[in-house]
Structure formats: structure tokens, C-alpha cells
Amino acid sequence: MKILHLIDHLGLGGAQSLVADIFNNQISNENIFLCALRSKTIETEIKHRNVYNNSSTQIFSFKPLIFLRKLIIRENIDIIHCHLMGSEYTGYLLKKLFFPEIVLIFHEHGKILSGAKYYPKVLKLISEKIDLIIAISKSTKLGLTTKAGIDDDKIRMIYNFIDTEKFNKINISWDINKEKNKLNLDPNDFIVGFAGRIVGMKGWREFILSSKILTTNYSNFQFIIAGDGNDKDNLLDLINQLNLQNHVQYIGFQSNMKKFYSMLDCIVVPSHYEPMGLTPIEAQAMGVPVIVSNVPALNEIIHHGEDALFFEVKNSYDLSKKILMIYNDKILRAKLIRNGLVNSKLYSMTKYFRELDHTYQKTLDNHNSLLDE
């Protein structure tokens, strides 16, 4: 089989991280191709040779259709695998206009849960041309059936994966205390991390408010925020307004997340909603205690009191209490680390590729059998 992955862009985001891992871990696979429909200032690095990046910066453009039509014919592509909304519309047009017999797969990364008004309606409207939708969690699958009316038999749930060969505490080549020193962090500080896009739904505001609560009474708490996004200026303003400059650092986009995780005593994922979330699993694989908001999808993949702690969504006071529990209770901390390592292994790359290949083959077989009828 030859698979063409389409994605809106290779900027920052969970879908981009997943696609990058798919291609970077299959460098020798010449039967997979990737095309990004537009360019971004900061882009995820992918080393695979079959990657094409359109120079356009427009959100929607018909220009890539010409290139993609030629690519599909030249490489004899069997399946178009679309990630994110723009690529889904492009994949739909390619099938409708040029390749009616090609297999079309959509990968639902969570747009269905965002509250977007028209997306579910459009998805339902074009669903006749879609052979399969991959949902990254039970929550996204439920959203597809209830909000867009997609038939259950047209959806396959596959959780995202992490690279456990990459995210582990083995073969750390840097001095962790030296890395802390670069950020003016003391080895005795208790360091709480946040990693994600700096947008409202990721809960960065609650993270900062919880830091204010804790640093009022504890001088050795330090909070570091990694990521980039539209709310960056608002985030910096809030840090200044609350006089947290000595306790909260915004360090921007980090290309080496393993190095970031290695400095942490705890990580918080305070999302208001989450399609799945790779950050808590990566952190668990690195031996970092995890605290997450108790929202669907996050509470599917990790477990309160066993390998993580949950707090009430948007409740910075409850979040501060959970951070304090990990700070004060060494036995609890050790339990979360131990069980977190076990849990992270459930989301292995080997398992993911096996399920994905099986999905491709089954979808292609079903599609061909319908054509033969």
C-alpha cells in the first residue's frame, strides 16, 4: 500500500507531533508520503525524504490540488489519510474531482469537541465520500456519532502513541542541575511544569493562578511554562500583574521536550477539554508525577490515585491542593511515578503501527469489495 498523509501545516500541535513521529520512525519506508498544505514560522522537524511543504500561508488554497493530483498519479497512491480540517476538505475534493475510487481516511484529532458550529454539519455532509474516520479517543468517537451523526461502523478508535525509546530516563546526556541553573533554578526547588499551546482551552491561566496560591506560602516552588500560542502576551501580562516574575518563567517553544521533562518534579495538564493528550503520557514515561484536569479523554488514559491525580477543571484552588499533595507526600509521589511508567507502556509505537496497518488493510479490502459488487 502507498499512503499519502495530508495535514494543514507542520506548526505546533498534537496532530503535527503525531505525524512527525509516524514519519521519523519510518525513515526507510518509501511507501508513505506527507504533504503540508501551508507553511508556518515554527515547524515540526521531519527527516523523512517523502515530505512536501507548500510555501503558501493561506488557510485555504486550491493551489496544492494541482501538485497533489500529479503526486497521486505518479506514486500510484492507494489511501489518502487526512489530518485536521483543511486537509480533510482537500482530500474530499481530490476524491470527488479526480480520484473517485481512492480510499479516503480522516483522522479526528479533536475538532469535533471544540464547539465549532459548522464543522460537524460539514463532516456529515461529506461523509458519503469518507471510507473511515480514525478517532483518537472514546470521547472523540462519541463526538463524531452524537454531533456529526457519523455511523459507528465508519469509525475506528486508535489512541495516539509516544516514542518510549525517546521518552525515558535512560541515556540522559546532560547534567540536569546545569540545565536548571540556566533557568536560575536551585537544585532544591520544587519545579512544576506546563507544556502545550498557549491558548485558553489549555488552562494556562489556572496554572498561573495556582502558582500564586502556592508561592504565597512556599518560597521554593518554581513554575515553568513551555510552548507558544496566541495567548502568549496575555500570559506574560498575568505573570507581571500577579508579581510572579521570581516564581514563574515562560521559556517558549522547546525543541527538546525530554530535556524539559527531566527538570520537573511534577507536571500539570489543566486543559478545559482534551481529545487525548500526549503530554501526560510522555511525562509518565520520563518518571514525572502527573496532575490533569478531570475531563473526558484525559480520564480515559490515566487514572486518579493510581498513576496520576485529577483536579476539578478550571479550579486553580483544587489544582494547588493536588500539587501540594505531591510535594508533601513522598510515598504518593513514588507510587505515581512507578505506576505512571507502567501506564505509559500501553501507548507504545509498536502497538500503534500494528493497529494502523491493520486499519489500512481492512479499510482497503472493504473498499475494494464494494467496488467489485
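The values are calculated or read from the model by the stated rules, or taken from the named source; none is laboratory data. The structure displayed is predicted, hence computed values, not measured ones. All Cβ positions, glycine included, derive from the backbone under ideal geometry; neighbour counts span all protein chains shown. What goes into the accessible areas is simple: the full protein's heavy atoms, side chains included, and nothing from ligands, DNA or RNA. Shrake-Rupley method; radii C 1.70, N 1.55, O 1.52, S 1.80 Å.
Here are the numbers for this structure:
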read-out	value
Options 287, 340, 277; residue that is under 22 Å from the mean Cα position of the chain (by Cα), modelled with pLDDT of 95 or more and assigned to a loop (DSSP other than H, G, I, E, B)	287
Qualifying strands (runs of 3 or more DSSP E) (wholly inside segment 39-154; at least 1 residues being on the phi < 0 side of the Ramachandran plot and free of Cβ contacts under 8 Å to residues at least 24 places away in the same chain)	51-53
Conditions (1) aliphatic (A, V, I, L, M); (2) surrounded by 17 or more Cβ atoms within 10 Å (Cβ to Cβ); (3) at pLDDT 95 or above; number of the one not met by residue 297	(3)
Boolean, residue 77 is more than 22 Å from residue 144 (Cα to Cα) and not acidic (Asp, Glu)	yes
Any hit, segment 102-122, residues being crowded, with 21+ Cβ neighbours inside 10 Å, modelled with pLDDT of 95 or more and among the acidic types (Asp, Glu)	yes
Criterion: modelled with pLDDT of 95 or more and surrounded by fewer than 17 Cβ atoms within 10 Å (Cβ to Cβ) - qualifying residue of 327, 360, 317	317
Candidates 340, 305, 252, filtered to the one that is open to solvent by less than 40 Å² (accessible area, probe 1.4 Å) and closer than 14 Å to residue 162 by Cβ	340
Count of residues meeting criterion [part of a strand (DSSP E or B) and either within 20 Å of residue 320 (Cα to Cα) or touching a Ser or Thr at 6+ places or on another chain (Cβ under 7 Å) (or both)] in segment 246-272	7
Matching residues, segment 186-226, being in a loop (DSSP other than H, G, I, E, B) and either open to solvent by 10 Å² or more (accessible area, probe 1.4 Å) or among the aromatic types (Phe, Trp, Tyr) (or both)	186, 187, 188, 189, 196, 197, 199, 216, 217, 218, 219, 220
Test: residue in segment 138-149 that is open to solvent by less than 10 Å² (accessible area, probe 1.4 Å) and over 15 Å from residue 85 (Cα atoms)	yes
Enumeration of residues in segment 24-39 that are under 18 Å from residue 72 (Cα atoms) and either touching a Cys at 6+ places or on another chain (Cβ under 8 Å) or small (Gly, Ala, Ser) (or both)	36
Unmet criterion (only one of (1) modelled with pLDDT of 95 or more; (2) in a helix (DSSP H, G or I); (3) touching a strand residue (DSSP E or B) at 6+ places or on another chain (Cβ under 8 Å)) for residue 309	(2)
Looking only at segment 290-305, and only at residues there that are assigned to a loop (DSSP other than H, G, I, E, B) and small (Gly, Ala, Ser), the one that is nearest to the chain's Cα centre (by Cα)	297
Residue match in segment 222-229 (condition: at pLDDT 95 or above, under 15 Å from the mean Cα position of the chain (by Cα) and under 28 Å from residue 158 (Cα atoms))	yes
Selected residue (criterion: farthest from residue 182 (Cα to Cα)) from residues of segment 264-274 that are buried (at least 20 other Cβ atoms within 10 Å of the Cβ) and at pLDDT 95 or above	271
Top-ranked residue of segment 227-249 - restricted to ones that are touching a residue at least 40 places away in the same chain (Cβ under 8 Å) and open to solvent by 20 Å² or more (accessible area, probe 1.4 Å), ranked as farthest from residue 279 (Cα to Cα)	249
Residue list for segment 1-25, filter: open to solvent by 10 Å² or more (accessible area, probe 1.4 Å) and at pLDDT 95 or above	2
